[in-house]
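Since the structure comes first, as structure tokens, the remarks are kept for the end.
Computed from the coordinates by the stated procedures, all read-outs in this text should not be read as laboratory data. Just so we're clear, the structure is a prediction, and the values are computed from it rather than from any experiment. Note: ideal-geometry Cβ built from the backbone for every residue, glycine included; neighbour counts use all protein chains shown.
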Amino acid sequence: MSISGVHVTQAQSPQPHSSEQAPLPPHYYYQQPQDDEIDLRELFAALWQGKWTIIACTALCTILAIAYALLAQEKWTSTAVIAKPQPSKLSEYQTQVSEYQPIFDVYQQDGTVLVSHKLDDFSQPQTLFDIFMQEFDARSNKKRYLEHSRLFKMALADLKTDKGSELTSDDTAKLYSEWYKKLSSKLVDSKQTKGPYILTAESITAEDSFEFLKGYVDSINKRSQKIALDNLRSAVSAKKNELLQQRNILTDQAENRLQVEKETTQYALDIAKSAGVKTPVQNLGANEVFAIYLGANALAAKITALNQLKNLSIIEPRLQQTAAKLSLLTHLNIDNNVKFEVKQYLEEPEKPINRTAPKRSLIAVLGLLLGGMIGIGVVFIRFSFKKN
């Protein structure tokens, strides 16, 4: 362009060189190089270089684990499986219970008998088995057994030696609580509520665990039998007291009726004498308060008979039934030596073959794995510090 003879050349905008980078599309990012990435080859090389560290940690932990497994106190568990007794094992006891059945039955005047079911549960196998399980789990029974147990006395003496002074009540209570857990029971099938049950006892040797369980089961068996007999004795005693009270009430009622009958007859005799009625008269009403129609002679004889009456069951027949039941009670005795079972063994207690704890092979393997993990961890940490 020329202005006043002067030529001016218009500046051209610079063109981009072909060698310059082309514009980037939107949302595009450079992938930055990752300096902190771990090369697997470097990692394995580091593990190889630290192999002696890994071996040392593994060996140390394995040795410690084996030492613990060998030195830790052993625990042996003896078991037994029990269920309710078979009826054939209760025959003598059931016979004894049935002997008292007539005392509880009710004999009516028309000859019918109302059979009582008061004693039915006493000889049921499930009832006796429930008594055994309640006594087995009772802490009071466990404590009573432990007080005479050789094993518990040894544990008590060891605790006293370790403490170096007299045991406090808290120390003793804690030891009892620990030993209560050594005697336990659980259902074979948790879905059932009536058994069978698994009984377990723990101790430091196989022989001791067997002795511990069998001794406790035998003691509970005897105690349960005694409770069953005591329950029967208690029911019979309560029935006897009831019959004695019933006899006293019926006797009072009979004596009162006899006295009323004497007075009524005496009044009738006085009236008959005044009326001059000596022999029975049919025309007089039999429903009158005073039986004048019998005549003075009959009324006098009746008074004589009433005065001589000694057997009150003539007036109150129920007295005879009550007296018969009380008489039966005097001839029956509960035999404390009767033989019967309150449970049956499905599996009797035996000496365990394998210890419950410690699991030495498992402890050794876990020690080996733990040592290897610790060794690898140490190598990784060392490698990370060197890399950074």
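Before moving on, here are some points about what is shown:
- Assuming charge only on the beta carbon of Lys and Arg (+1) and of Asp and Glu (-1), the dipole of the chain about its Cα centre is about 800 debye to the nearest 20.
- Selected from Ser169, Gly195, Thr205, residue furthest toward positive end of dipole (region 144-217; charges at beta carbon): Gly195
- Other residues whose C-beta falls under 12 angstrom from the C-beta of Leu326 contribute a net charge of +3, scoring Lys and Arg +1 and Asp and Glu -1.
- In sequence order, calculated HN-Hα J values of region 220-227 (Karplus, 6.51, -1.76, 1.60; Hz; x Gly/Pro): 5, 4, 5, 5, 5, 4, 5, 5
- Residue of Leu346, Leu269, Leu64 that the Gaussian network model of the chain assigns the largest fluctuation, springs spanning Cα pairs under 10 Å: Leu269
- Val113 paired with Asp137, simple spin-label distance in nm, labels 7 Å along Cα-to-beta-carbon: 3.9 nm
- The residues packed around Leu90, meaning those with a beta-carbon under 12 Å from its beta-carbon, carry a net charge of +2 if Lys and Arg are +1 and Asp and Glu are -1.
- Its DSSP H runs of at least 4 residues, each contributing -39,500 (n - 2.57), put the calculated 222 nm mean residue ellipticity of the chain at -19000 deg cm²/dmol, to the nearest 500.
- Of Pro358, Pro280, Pro125, the one that fluctuates the most in a GNM where the chain has Cα springs shorter than 10 Å: Pro280
- Cα-projected label distance for Ile66 with Gln266, points at 7 Å along beta-carbon direction, nm: 11.1 nm
- Dipole of region 73-357, positive direction: furthest Cα of Ser219, Ser184, Ile103, with charges on the beta-carbon: Ile103
- For Leu362, Leu250, order by how many other beta-carbon atoms lie within 10 Å, fewest first: Leu362, Leu250
- Put a dot 7 Å past the Cα of Thr304, heading toward its Cβ, do the same for Lys51, and the two dots end up 13.3 nm apart.
- Average Cα contact separation per residue, the chain, under 8 Å, 6 or more apart, as relative contact order %: 34 percent
- The longest stretch of the chain left intact once loop-based chymotrypsin sites (Phe, Trp or Tyr not before Pro) with at most 11 other Cβ atoms within 10 Å are removed from consideration, loops following DSSP, is 31-388.
- The fraction of Cα-Cα pairs per 20 angstrom bin, counted from 0 for the chain, comes to 16, 23, 19, 15, 11, 7, 5, 2, 1, 0 percent, rounded to whole percents.
- Efficiency of FRET between Asp252 and Asn231 - r from beta-carbon atoms, R0 25 angstrom, step 0.05: 0.20
- Max mean-square fluctuation residue, GNM over the chain, Cα-Cα springs under 10 Å, options Ser224, Ser190, Ser165: Ser165
- Three principal axis extents of region 209-264 based on alpha-carbon atoms, in descending order, are 82, 7, 6 Å.
- Residues Ile131, Ile271 in ascending order of nearby Cβ atoms (within 10 Å, fewest first): Ile271, Ile131.
- Over all other residues within a Cβ to Cβ distance under 14 Å of Gly50, the charged ones net out to +3, with Lys and Arg as +1 and Asp and Glu as -1.
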